[in-house]
């Protein structure tokens, strides 16, 4: 059996400072307020600077509720925020990153994600799921510009 890692990326212009975009993207406890698929976000541990390091999520995915825990890497902050899966019920692996690049009066934000699910999905279901995941970037734009 060949395991496929699916990946997606997108870029969007946000009419807000890179600092504002980074602050919104790294305030995980507020995700349920603006990221429609995130139902709960609980910070399990913080780094030496008090930033969320390990965060447990409950989200809707593929018509069901899923739980997963992500660990965040701030080594390139505030220009980039990356994460990887620590534990999840429907994912074998997950890696992602936001990049924040000042661009004139706002910020160009890139979003990259690679996911490997525990069970294989038909192509059309994967494409629909990818579109939902990448819609988080539009939700980040709305929140950052508000």
- Label-reachable residues, region 69-99, where backbone N falls under 17 Å from a point 7 Å from residue 58's Cα toward its Cβ: 69-70, 88-90
- Note on the structure: Residue-normalised 222 nm signal for the chain, counting each DSSP H run of n ≥ 4 as -39,500 (n - 2.57), nearest 500 deg cm²/dmol, is -7500 deg cm²/dmol
- Projected-area average for the chain over all orientations - Cα convex hull basis, square nanometres: 8.6
- Take every Cα pair under 8 Å in region 9-90 that's 6+ residues apart, average their separations, divide by the length, and report that relative contact order as a whole percent. 20
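Taking the mean number of other Cβ atoms within 10 Å as a proxy for protection, how do you rank 40-52, 6-18 from highest to lowest?
Working: 40-52: 12.5, 6-18: 16.2.
The most tightly packed comes first, giving 6-18, 40-52.
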- Message: Nearest 10 degrees is fine. How inclined is helix 123-145 to the longest principal axis of the chain, computing both from alpha carbons?
- Response: 20
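Per 0.36 nm of contour for each residue apart, how much would the distance between residue 9 and residue 119 grow if the chain were fully extended, relative to their Cα-Cα spacing?
37.4 nm
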- Note on the chain: contact order normalised by length, alpha-carbon pairs under 8 Å, 6 or more apart, percent, works out to 30
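The numbers here are math on the coordinates, done by the rules we state, and not lab data. Please read these numbers as outputs of a predicted model, since none were measured by experiment. Reconstructed Cβ throughout: ideal geometry from the backbone, glycine too, with neighbour counts over all protein chains shown.
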